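All remarks here apply to the structure that follows.
The values are calculated or read from the model by the stated rules, or taken from the named source; none is laboratory data. Quantities reported herein were computed from a predicted structural model and do not represent experimental measurements. With ideal geometry, Cβ positions are generated from the backbone for all residues, glycine too; neighbour counts draw on all protein chains shown. The accessibility values were calculated without ligands, DNA or RNA, using every heavy atom of the protein model including side chains. Shrake-Rupley method; radii C 1.70, N 1.55, O 1.52, S 1.80 Å.
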Amino acid sequence: MMQAPRRATVRGPTFIRTLARLTAADVPPPARSLSDQLSQWVDWTHAVALSTALDGRPPAALLDDRILRSADDDECARVRAALTSAIVADRAFAAATPRGPGPANAADADETLDFPFYRQRYLALQQTMEAGVGRLRERLRAMLTHGEPGMVRLAAVDAVMERALSRRERALLSAAPTLLSEHFERLRQAALTAADDAADDAPPAASTAWLEAFRKDMQNVLLAELDVRLQPAQGLLAALRTHAKN
């Protein structure tokens, strides 16, 4: 008896591993190292700006104690909590409610049975995350500019890298809804097949169980994406914390 080949273990952030778990296709390991890929993503104008930021000699500045205290408030935790709440409370994850007698209620219920509704909600939440994390990075960079030359240089490098990689990041993250659409259809088709096999004996809850499973998977992907988006800000905050301890 032949056995189906096992899928290769996918390594990387939770975001990548979660998406890989939900897809039917194998995810090949990267053919090039991260540094090689970055060299292809950064065009010459950004490369010049990055070189200037790295080679520059920013003037030294004293870090104001008030700025250090604000850094101790853990900006990342505050923003993470707000964005996590925005994801969890989104109407895409609202509990299914019985349809009312009116046509408007029927239309509202029907839209949650088709993927375009979830694609629109995913893209809206991506915009919310991008804006929230972007403001956080700006604030942390402003704090860094009050520090020693190395911290000022780090703020400049982060600003250049954000400009250089934002378009590529947006394009890569936009693949998540496409992968989720395939997962949505697989779950729905499996539920339809199971219902056909069981005929009229299937319990009523079986018709929506697949949708609740999808909603949970989509929420997990969004929360994992938030972790990825916050990583640069967490690095900036770590630099501030390290300086505050010295």
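Quick notes on this one:
- Extreme residue, surrounded by the fewest Cβ atoms within 10 Å (Cβ to Cβ), among residues of region 131-151 that are farther than 16 Å from Ala238 by Cβ and touching a helix residue (DSSP H, G or I) at 6+ places or on another chain (Cβ under 7 Å): Thr145
- Pairing each residue of region 142-171 that is under 17 Å from Thr242 (Cα atoms) with any residue that is charged (D, E, K, R) and loosely packed, with under 15 Cβ neighbours inside 10 Å, provided the two are 6+ apart or on different chains, yields C-beta distances under 8 Å for His146/Asp64; Pro149/Arg57.
- Residue within region 172-189 that is modelled with pLDDT under 90 and either part of a helix (DSSP H, G or I) or surrounded by 15 or more Cβ atoms within 10 Å (Cβ to Cβ) (or both) present: yes
For every residue, the table says whether it meets (1) at pLDDT 95 or above; (2) assigned to a helix (DSSP H, G or I); (3) out of contact with any Gly (no Cβ under 9 Å at 6 or more places or on another chain).
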site	(1), (2), (3)
Tyr118	yes, yes, yes
Tyr122	yes, yes, yes
Met129	yes, yes, yes
Gly132	yes, yes, yes
Glu138	no, yes, yes
Met151	no, yes, yes
Asp158	no, yes, no
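- Only one of the numbered conditions (1) closer than 23 Å to Arg21 by Cβ; (2) open to solvent by 50 Å² or more (accessible area, probe 1.4 Å); (3) among the charged types (D, E, K, R); (4) touching a Leu at 6+ places or on another chain (Cβ under 8 Å) is not met by Glu225, and that is (2).
- Unmet criterion (only one of (1) acidic (Asp, Glu); (2) modelled with pLDDT under 95; (3) closer than 20 Å to Phe93 by Cβ) for Asp217: (2)
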